[in-house]
């Protein structure tokens, strides 16, 4: 007997827990690279993030929805891993703890739990850090710097001397051996995760293709004075846009249900990203476009739907 599941997994052939396990496997290569480049701190931050998401989800479900049995679907692990990959290694344990608590309680559980949240919990948690701990969101270490530095886990490292960006070669670009957040620059391993999602039929091409196509087309007029394949690859890698396009735009809860809606979703995210990079605060260009488009998902689902059989539109006919 198939277990009843919440939307958007209600019609899925595989259980929600199984789907989230494969997403965790897809995130694992980038996370392992983060541990390799940045050391012990990544393990500690990951443990705090995942455990906070899990126990917050569990306790709030028991308290807010006592009639609903708690179902371990591994979505907490996915959110915890994503949050870890989106922060600099210099982030403090307290900042990660508060961010995960914010994402679990106010973004997910306040809207009814997994499958009902409007915003992506990991990105919303990262937004919280950008406002609450802005000095800790600055990259202060490059790969292999301070692998076992644990003395500032509770306080975080001050944003003083930001390491200079090396002359990026293709090996740096693909491997992610550049000063960045923990898991946003390992392009080759993020693409390996995308292959895992495609193989398990968990990857929707429409939003990601529209997103990257918009970035490629918009890059030309926005950076007309520095056009070049290597410059474009450096720009999209250092900004974490590959991770956003592969994983954040494939969150089945916060993206539109229809193919056309997902294409508009990806295109809108790309346009907002370009505008923020070119005319706004580039620090927010990775996070806010996705969250802003998350708010439009109900609109896309309301007005862009498959046409019902034998009906001129999907709207219900009402007799006057």
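The values are calculated or read from the model by the stated rules, or taken from the named source; none is laboratory data. What you are looking at is a predicted structure, and each value in this text was computed from that prediction instead of being measured. Here the Cβ is made from the backbone with ideal geometry for all residues, glycine too, and neighbour counts use every protein chain on show.
Restricting 99, 47 to residues that are farther than 23 Å from residue 286 by Cα, at pLDDT 95 or above and assigned to a helix (DSSP H, G or I) narrows the list to 47. For the range 209-232, name all the residues that are surrounded by fewer than 22 Cβ atoms within 10 Å (Cβ to Cβ) and closer than 19 Å to residue 195 by Cβ. Hits for the range 209-232 are 209, 212.
Quick one: which helices (runs of 4 or more DSSP H) lie wholly within the range 178-279 and hold at least 3 residues that are outside the structural domain of residue 79 (by TED's automatic domain parsing)? Quick ask: steps written out before the conclusion?
Values: elements: 187-199, 205-222, 229-238, 241-246, 259-279.
Answer list for the range 178-279: 205-222, 229-238, 241-246, 259-279.
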